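Engineer: I am attaching a structure below and will ask some questions about it afterwards.
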Amino acid sequence: MTAAASPPEVLRAPLVVEFPFTRSLGPVQSAFLSGLRDRVVLGVTTSAGTVMVPPVEYDPVTAEELRELVEVAPTGTVTTWAWNGSPRPHQPLGTPFAWVLVRLDGADTAILHALDAPGPEAVTTGMRVRIRWAAERVGAITDIACFEPADDRTDPTDPTDPTGSADPAAAPVPHSGTFADPVTGIVAEARLDYTYSPGRAQTAYINALAERRTVGERCPSCHKVYVPPRGACPTCGVATTDQVEVGPAGTVTTFCIVNIKAKNLDIEVPYVYAHIALDGADLALHGRIGGIPYDQVRMGLRVEPVWTDGGRHPDHYRPTGEPDADYDAYKELI
Amino acid sequence: MPTTSRYARDVAVVAFAQSDHLRRTDELSEVEMVMPVLHEVLAATGLKAGEIGFTCSGSSDYLAGRAFSFTMTLDGVGAWPPISESHVEMDGAWALYEAWVKIQTGEADTALVYAYGKSSPGSVRDVLTRQLDPYYLAPLWPDSVALAALQARALIDAGQTDEAALAAVGARSRAAARHNPHAQLRGSVAQGDYQVAPLRTGDCPPVGDGAAAVILAAGDSARRLCERPAWITGIDHRIEAHGLGLRDLTDSPSTRLAAERAGFFDAPVDTAELHAPFSSQEVVLRKALGLGDEVTVNPSGGALAANPMMAAGLIRIGEAAARIHRGASDRAVAHATSGPCLQQNLVAVLEGDRA
Ligand SMILES: [Zn+2]
């Protein structure tokens with residue numbers, strides 16, 4: 001017996017997904033983020049008298065609309081924490097830090113942020129901390145650069161602590177929520193890095209394209225040939241494993257005329273975009289038609305791929321000069 | 001017949017299958033990973049794809065790095081000619097809930113539910129930050145381990161656990177997984193270094209790729225397709241406020257309420273399959289459900305042994321049902337979670353016919 005040929009290495013390539021969502025702010029979030037820009041921390045009061053920082057626009061218990069803003073202190077108490085020895089990209093500090101939930105003085109709920117501390121031994125639940133403001137503030141949660149230890153007093157709510165409840169900063173103060181030049185939106189930037197691998201079937205397809213061949217796969221059950229193959233027959237729900245070379249020529253089954261120039265696309269309009277059934281394929285793929293005036297493209301036109309130097313797929317398809325295909329020959333593929 | 005019937009129709013899990021859960025599956029596209037699992041549940045029931053009344057799946061575009069990624073796996077269910085189909089951008093346990101509702105309406109007698117996730121192409125800790133509040137949390141990129149670690153610290157501070165007890169949860173889970181050929185981590189696993197303290201490697205789930213599928217059937221169809229159907233005698237899911245600082249992280253009132261609505265507290269269970277990706281979360285769930293030592297918790301190894309994103313919750317229901325199918329359990333509870341620190345919770349109670 002001879003050893004079976006080892007399957008070709010699957011392809012992989014970096015895939016970066018970046019999305020800057022533009023989000024508008026409601027009145028409460030706008031006031032809160034405008035406040036951070038101006039070094040003021042606002043919370044919202046519920047009808048039960050709870051002060052929520054960061055503020056929300058609807059009471060999580062009653063669903064009541066919340067609009068009554070109060071100012072709280074930039075100091076507070078750690079309610080729980082976790083030591084992050086290996087900060088990840090984009091996190092608030094590049095050096096080891098503690099994630100903390102902090103109940104600011106005057107607030108009844110806690111805010112999540114980073115605490116700059118020399119090591120885990122310097123962090124405890126109940127420790128006092130204060131906001132370290134970012135040098136440049138734009139109206140975002142990152143206007144708080146992080147928290148830092150503050151040994152002002154042990155517990156502001158402890159009546160036996162003489163500096164506690166007596167501290168005027170501990171009582172929330174009503175605030176109009178009005179700021180000059182209020183922040184009304186944020187841009188939520190995100191970037192995720194992947195290593196994309198297309199799997200067995202599409203790897204075979206892409207590898208064949210590198211040799212300027214088009215390879216589909218046949219369903220073992222219904223015998224249809226899929227191009228490009230995705231590894232499964234959508235009719236039978238079984239794997240397609242039998243590779244079949246198709247084309248290179250094919251037939252235009254249907255088309256449209258594109259009249260609007262896409263951004264960064266170097267193709268003169270109008271042009272024709274078509275479904276092309278390659279010879280031997282049971283599914284049409286997409287392609288641009290060139291080498292013929294746009295208004296002379298028609299269903300049944302016989303075309304062949306045109307490759308450009310270094311191109312990883314056909315640049316476009318042009319007429320072969322053969323007579324048009326009979327409608328009956330491709331009507332099932334439209 | 002189920003001992004209690006609180007719904008219009010009796011619906012049971014009649015088949016369950018899962019892939020081997022692996023750190024990477026580069027050679028497989030999603031549909032290539034899902035198809036064997038679909039074929040396995042169909043073969044177990046003898047149903048053909050075209051005979052299924054409703055199909056529902058759970059997966060995530062953020063894991064795939066691609067919009068509408070679930071459409072790619074539809075090829076694997078034989079979606080042509082057109083089928084009745086839906087999708088949730090969540091764990092497949094919620095797809096199962098949707099399918100169960102569809103059967104309750106009488107519009108279907110059988111349903112195929114599947115779920116899958118490939119975490120290997122990206123960094124799942126970073127990817128999951130994108131599901132957080134975009135105003136107050138996501139810009140800080142707090143990863144899933146960090147948020148779980150905050151919850152673990154809160155539990156330790158409250159005296160409800162300690163690091164040794166957490167390590168024991170992981171060790172018990174991986175030891176149980178010795179009998180689970182699909183699990184990613186089996187047997188003895190080093191507790192390891194702190195990932196985000198107080199959580200160590202052994203307190204965290206493995207990152208991996210995997211898929212699962214379940215077939216649901218109503219009444220006589222269920223009896224025809226399965227010798228001992230796992231009747232869903234109760235199912236409910238609940239959610240808590242999204243602000244982490246608003247919640248008591250040492251408790252899970254949403255799990256308790258869902259369990260109450262599902263009739264969980266009406267009678268004892270012998271088995272619990274809990275979706276607790278972090279050892280500390282098992283502590284929270286045991287308390288919410290009031291589970292005692294007489295209940296076998298995560299005999300499959302649970303999410304600490306294999307945690308394919310979007311499938312791990314459905315697998316809990318499948319594992320509980322499979323124990324009923326083979327007579328190892330009479331009344332089991334299955335739990336699924338989604339979001340940070342057990343934000344959303346689904347509870348299903350499954351029962352087998354008594355001899
Ligand atoms: Zn087929």
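The values are calculated or read from the model by the stated rules, or taken from the named source; none is laboratory data. The model shown is predicted, which means the values in this text are computed figures rather than measured ones. Don't worry about glycine lacking a Cβ; one is built from the backbone with ideal geometry, like all the others, and counts go over all protein chains shown. Note: accessible area is taken over every heavy atom of the protein model, side chains too, but ligands, DNA and RNA are not part of it. Shrake-Rupley method; radii C 1.70, N 1.55, O 1.52, S 1.80 Å.
Engineer: When the residues of region A:205-215 are narrowed to those that are free of Cβ contacts under 8 Å to residues at least 40 places away in the same chain and more than 30 Å from the chain's Cα centre (by Cα), which ends up farthest from the ligand (Cβ to nearest atom)? Explain how you work it out, then say what you get.
Structural biologist: Initially, region A:205-215 is screened for residues free of Cβ contacts under 8 Å to residues at least 40 places away in the same chain, giving A:205, A:208, A:211, A:213, A:215.
Restricting the remaining residues to those that are more than 30 Å from the chain's Cα centre (by Cα) gives A:208, A:211, A:213, A:215.
Working: A:ALA208: 21, A:GLU211: 27, A:ARG213: 23, A:VAL215: 17 Å.
Filtering first and then ranking leaves A:GLU211.
Engineer: How about region A:88-106: which of its residues are out of contact with any helix residue (DSSP H, G or I) (no Cβ under 6 Å at 6 or more places or on another chain), at the interface with another protein chain (Cβ under 9 Å from one of its Cβ atoms) and assigned to a loop (DSSP other than H, G, I, E, B)?
Structural biologist: A:ARG88, A:PRO89, A:HIS90, A:GLN91
Engineer: Hey, can you tell me all the residues within region B:75-110 that are out of contact with any Gly (no Cβ under 7 Å at 6 or more places or on another chain), open to solvent by less than 20 Å² (accessible area, probe 1.4 Å), under 25 Å from B:THR233 (Cα atoms) and of a type outside the set (Val, Ile, Thr)?
Structural biologist: Within region B:75-110, B:LEU96, B:ALA99, B:TRP100 meet the criteria.
Engineer: For region B:196-217, which positions are within 21 Å of B:ALA115 (Cα to Cα) and either surrounded by 23 or more Cβ atoms within 10 Å (Cβ to Cβ) or touching a strand residue (DSSP E or B) at 6+ places or on another chain (Cβ under 6 Å) (or both)? Show your work before the answer.
Structural biologist: Kept after step one, since they are within 21 Å of B:ALA115 (Cα to Cα), are these residues of region B:196-217: B:205-217.
Matches in region B:196-217: B:PRO205, B:GLY208, B:ASP209, B:GLY210, B:ALA211, B:ALA212, B:ALA213, B:VAL214, B:ILE215, B:LEU216, B:ALA217.
Engineer: Something else: Any chance you could count how many residues in region A:238-259 are of a type outside the set (Ser, Thr, Tyr) and under 19 Å from B:GLU27 (Cα atoms)?
Structural biologist: So the first thing to find is which residues in region A:238-259 are of a type outside the set (Ser, Thr, Tyr), and the list is A:238-239, A:242-250, A:252, A:255-259.
Subset that is under 19 Å from B:GLU27 (Cα atoms): A:238-239, A:242-243.
Residues flagged as of a type outside the set (Ser, Thr, Tyr) and under 19 Å from B:GLU27 (Cα atoms) within region A:238-259 amount to 4.
Engineer: Take the residues in region B:14-30 that are in a strand (DSSP E or B) and of a type outside the set (A, V, I, L, M); name whichever of them is farthest from A:SER197 (Cα to Cα). Break it down into steps so the answer makes sense when it comes.
Structural biologist: As a first pass, look at region B:14-30 and keep what is in a strand (DSSP E or B): B:14-18, B:22.
Of the ones still in play, those that are also of a type outside the set (A, V, I, L, M) are B:16, B:18.
On the way: B:PHE16: 28, B:GLN18: 22 Å.
Filtering first and then ranking leaves B:PHE16.
Engineer: Still on this structure: Here are B:ALA355, B:ALA303, B:ALA312, B:ALA259: which of them is of a type in the set (A, V, I, L, M, F, W, C) and surrounded by fewer than 21 Cβ atoms within 10 Å (Cβ to Cβ)?
Structural biologist: Working: B:ALA303 fails: surrounded by fewer than 21 Cβ atoms within 10 Å (Cβ to Cβ); B:ALA312 fails: surrounded by fewer than 21 Cβ atoms within 10 Å (Cβ to Cβ); B:ALA259 fails: surrounded by fewer than 21 Cβ atoms within 10 Å (Cβ to Cβ).
The unique qualifying residue is B:ALA355.
Engineer: Could you please find all residues in region A:254-283 being open to solvent by less than 20 Å² (accessible area, probe 1.4 Å), closer than 23 Å to B:LEU74 by Cα and away from the ligand (no atom under 16 Å from the Cβ)?
Structural biologist: Initially, region A:254-283 is screened for residues open to solvent by less than 20 Å² (accessible area, probe 1.4 Å), giving A:272, A:274, A:276-278, A:281.
Within this subset, residues satisfying the condition of being closer than 23 Å to B:LEU74 by Cα are A:277, A:281.
Of everything in region A:254-283, just one residue is open to solvent by less than 20 Å² (accessible area, probe 1.4 Å), closer than 23 Å to B:LEU74 by Cα and away from the ligand (no atom under 16 Å from the Cβ), namely A:ALA277.
Engineer: Name the single residue, out of those in region A:242-253 being more than 12 Å from the ligand (Cβ to nearest atom) and open to solvent by 50 Å² or more (accessible area, probe 1.4 Å), that is nearest to A:TRP307 (Cα to Cα). Show your work before the answer.
Structural biologist: First, pick out the residues of region A:242-253 that are more than 12 Å from the ligand (Cβ to nearest atom): A:243-253.
Right, trim to open to solvent by 50 Å² or more (accessible area, probe 1.4 Å) and you get A:243, A:245, A:248.
Numbers: A:GLN243: 22, A:GLU245: 17, A:PRO248: 11 Å.
That would be A:PRO248.
Engineer: State all residues of region B:90-121 that are in a loop (DSSP other than H, G, I, E, B) and closer than 17 Å to B:ALA211 by Cβ; if no residue qualifies, say none. First the steps, then the outcome.
Structural biologist: Applying the first criterion (in a loop (DSSP other than H, G, I, E, B)) to region B:90-121 yields B:90-91, B:105-109, B:119-121.
Answer for region B:90-121, where residues must be in a loop (DSSP other than H, G, I, E, B) and closer than 17 Å to B:ALA211 by Cβ: B:MET90, B:ASP91, B:SER119, B:SER120, B:PRO121.
Engineer: Can you name the residue in region B:249-280 that is touching a residue at least 40 places away in the same chain (Cβ under 8 Å), part of a loop (DSSP other than H, G, I, E, B) and within 14 Å of another protein chain (Cβ to nearest Cβ) and is also nearest to the chain's Cα centre (by Cα) among such residues?
Structural biologist: B:PHE278
Engineer: Of the residues B:ALA152, B:ALA190, B:ALA167, B:ALA183, only one is in contact with a Gly (Cβ under 7 Å, 6 or more places away or on another chain) and in a helix (DSSP H, G or I); which? So that I can check it myself, show each step before the final result.
Structural biologist: Details: B:ALA152 fails: in contact with a Gly (Cβ under 7 Å, 6 or more places away or on another chain); B:ALA190 fails: in a helix (DSSP H, G or I); B:ALA183 fails: in a helix (DSSP H, G or I).
Only one candidate qualifies: B:ALA167.
Engineer: Output the residues belonging to region B:281-295 that are of a type in the set (Asp, Glu) and assigned to a helix (DSSP H, G or I). Steps first, answer last, please.
Structural biologist: So the first thing to find is which residues in region B:281-295 are of a type in the set (Asp, Glu), and the list is B:282, B:293-294.
Across region B:281-295, the qualifying residue is only B:GLU282.
Engineer: Does region A:188-196 contain any residue that is within 10 Å of the ligand (Cβ to nearest atom) and under 29 Å from the mean Cα position of the chain (by Cα)?
Structural biologist: Kept after step one, since they are within 10 Å of the ligand (Cβ to nearest atom), are these residues of region A:188-196: none.
No.
Engineer: Which residues, counting only those in region B:83-111, are touching a Phe, Trp or Tyr at 6+ places or on another chain (Cβ under 7 Å) and without any contact (Cβ under 8 Å) to a residue 40 or more places away in the chain?
Structural biologist: Answer for region B:83-111, where residues must be touching a Phe, Trp or Tyr at 6+ places or on another chain (Cβ under 7 Å) and without any contact (Cβ under 8 Å) to a residue 40 or more places away in the chain: B:SER84, B:HIS87, B:VAL88.
Engineer: Can you tell me which of A:VAL129, A:VAL187, A:VAL138 is open to solvent by 20 Å² or more (accessible area, probe 1.4 Å) and either at pLDDT below 90 or touching a strand residue (DSSP E or B) at 6+ places or on another chain (Cβ under 7 Å) (or both)? Don't jump to the end; show me each part of the working.
Structural biologist: Details: A:VAL129 fails: open to solvent by 20 Å² or more (accessible area, probe 1.4 Å); A:VAL138 fails: either at pLDDT below 90 or touching a strand residue (DSSP E or B) at 6+ places or on another chain (Cβ under 7 Å) (or both).
Only one candidate passes the filter, namely A:VAL187.
Engineer: Something else now. Limited to region B:53-69, what total is found for residues that are crowded, with 24+ Cβ neighbours inside 10 Å, part of a loop (DSSP other than H, G, I, E, B) and facing another protein chain (nearest Cβ under 10 Å)?
Structural biologist: Matching residues across region B:53-69 total 0.
Engineer: Quick one: which residue in B:MET72, B:MET33 is in contact (Cβ under 8 Å) with a residue 40 or more places away in the chain, within 14 Å of chain A (Cβ to nearest Cβ), buried (at least 24 other Cβ atoms within 10 Å of the Cβ) and not in a loop (DSSP other than H, G, I, E, B)?
Structural biologist: Just a single option satisfies the conditions, and that option is B:MET33.
Engineer: While we're on this one: For region B:104-138, enumerate the residues that are more than 14 Å from chain A (Cβ to nearest Cβ), farther than 21 Å from B:ALA311 by Cβ and aliphatic (A, V, I, L, M). Write out each step before concluding.
Structural biologist: Taking region B:104-138 as the starting set, the residues that turn out to be more than 14 Å from chain A (Cβ to nearest Cβ) are B:104-111, B:113, B:115.
Now drop any that are not farther than 21 Å from B:ALA311 by Cβ, which leaves B:104-109.
Once the filter is applied, which keeps residues that are more than 14 Å from chain A (Cβ to nearest Cβ), farther than 21 Å from B:ALA311 by Cβ and aliphatic (A, V, I, L, M), region B:104-138 yields only B:ALA108.
Engineer: Considering region A:216-231 alone, what residues qualify as being facing another protein chain (nearest Cβ under 10 Å), within 9 Å of the ligand (Cβ to nearest atom) and surrounded by 19 or more Cβ atoms within 10 Å (Cβ to Cβ)?
Structural biologist: A:TYR226
Engineer: Return only the number of the condition from (1) in contact with a strand residue (DSSP E or B) (Cβ under 7 Å, 6 or more places away or on another chain); (2) of a type in the set (Ser, Thr, Tyr); (3) open to solvent by less than 30 Å² (accessible area, probe 1.4 Å); (4) more than 9 Å from every other protein chain (Cβ to nearest Cβ) that A:SER34 does not satisfy.
Structural biologist: (1)
Engineer: Identify all residues within region B:174-187 that are in contact with a helix residue (DSSP H, G or I) (Cβ under 7 Å, 6 or more places away or on another chain), surrounded by fewer than 24 Cβ atoms within 10 Å (Cβ to Cβ) and at negative phi; write none if there are none. Full working, then the answer.
Structural biologist: Of region B:174-187, the ones in contact with a helix residue (DSSP H, G or I) (Cβ under 7 Å, 6 or more places away or on another chain) are B:174, B:183, B:185-187.
Filter again for surrounded by fewer than 24 Cβ atoms within 10 Å (Cβ to Cβ), leaving B:174, B:185-187.
Across region B:174-187, the qualifying residues are B:ARG174, B:LEU185, B:ARG186.
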